[in-house]
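Any read-out appearing in this document is the output of simple, stated calculations on the displayed coordinates, not a laboratory observation. Bear in mind that the values here come from a model prediction, so they are computed numbers and not experimental data. Every residue, glycine among them, receives a Cβ derived from its backbone with ideal geometry; neighbour counts consider all protein chains shown.
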């Protein structure tokens, strides 16, 4: 049995190499034919997709077309509104700073008397709970 395996093993590379040489003349034309089928299929697929896109283009909802036309105007309006919002934010934040400065100056002008502040807060709480 060992002799049989050795004889098969030595013949195996010769068989593979001889089959490989015999397939080369058939492989090139076969690949050419397959490439042709692929090219025809790809061209047909592209044509069908193009026709679908054209058909969908004619079926677009008029409301969508109107929205697309209004888009630049809406963007400009959005930009203006953002600018106005920034101006309002600036005004509000600058007022906060002024209020804080005013509060600080009022606090500096009066004497620091914690008992007086506590009594004033107590009166406010009592007035608020009585209402």
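Remark: spin-label model distance residue 63-residue 118 equals 6.7 nm, labels positioned 7 Å along the Cα→Cβ axis. In nanometres, what is the gap between the two model label sites at residue 94 and residue 52, each 7 Å from Cα along Cα-to-Cβ? For residue 94 paired with residue 52, the spin-label model returns 5.8 nm. Between residue 42 and residue 75, the modelled labels are 3.5 nm apart [label points 7 Å from Cα along Cα→Cβ].
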